[in-house]
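Read the structure below first, then the notes.
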Amino acid sequence: MYRLLEDGPTGFSALKREIDGTSSKTLAESLDHLEAAGIVRRAQLNEQPVRVEYRLTKPGRSLDPVIVELITWGTNTT
């Protein structure tokens, strides 16, 4: 979610590159769960080759302060 907050709409491959140590399967499952929860929207773009893009929904964007606080907390506890 942080990457989508920072970068805006992003393709699957770009997300995978940005998230260290995650497998394609784990990322896909996480995005599926976030989509089912209404936090992320998946859009298939009419490009060749076909490309999928993910973006935060309005409820997803509303989590920005929570994400920032979690990052701050994590930075201060190490």
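The values are calculated or read from the model by the stated rules, or taken from the named source; none is laboratory data. All values derive from a computational prediction rather than experimental measurement. Virtual Cβ from ideal backbone geometry, glycine too; neighbours counted across all protein chains shown. Ligands, DNA and RNA are excluded from the accessible area calculation, which covers all protein heavy atoms including side chains. Shrake-Rupley method; radii C 1.70, N 1.55, O 1.52, S 1.80 Å.
On inspection, residue 32 does not qualify as open to solvent by 50 Å² or more (accessible area, probe 1.4 Å) and in contact (Cβ under 8 Å) with a residue 40 or more places away in the chain.
Among the numbered conditions (1) among the hydrophobic types (A, V, I, L, M, F, W, C); (2) closer than 23 Å to residue 71 by Cβ; (3) open to solvent by less than 50 Å² (accessible area, probe 1.4 Å), the only one that residue 45 does not meet is (2). Within segment 48-78, the set of residues being touching a residue at least 24 places away in the same chain (Cβ under 8 Å), in a helix (DSSP H, G or I) and in contact with a Gly (Cβ under 9 Å, 6 or more places away or on another chain) comprises 60 only. There is at least one residue in segment 30-51 that is in contact with a Phe, Trp or Tyr (Cβ under 9 Å, 6 or more places away or on another chain), modelled with pLDDT under 95 and not aliphatic (A, V, I, L, M).
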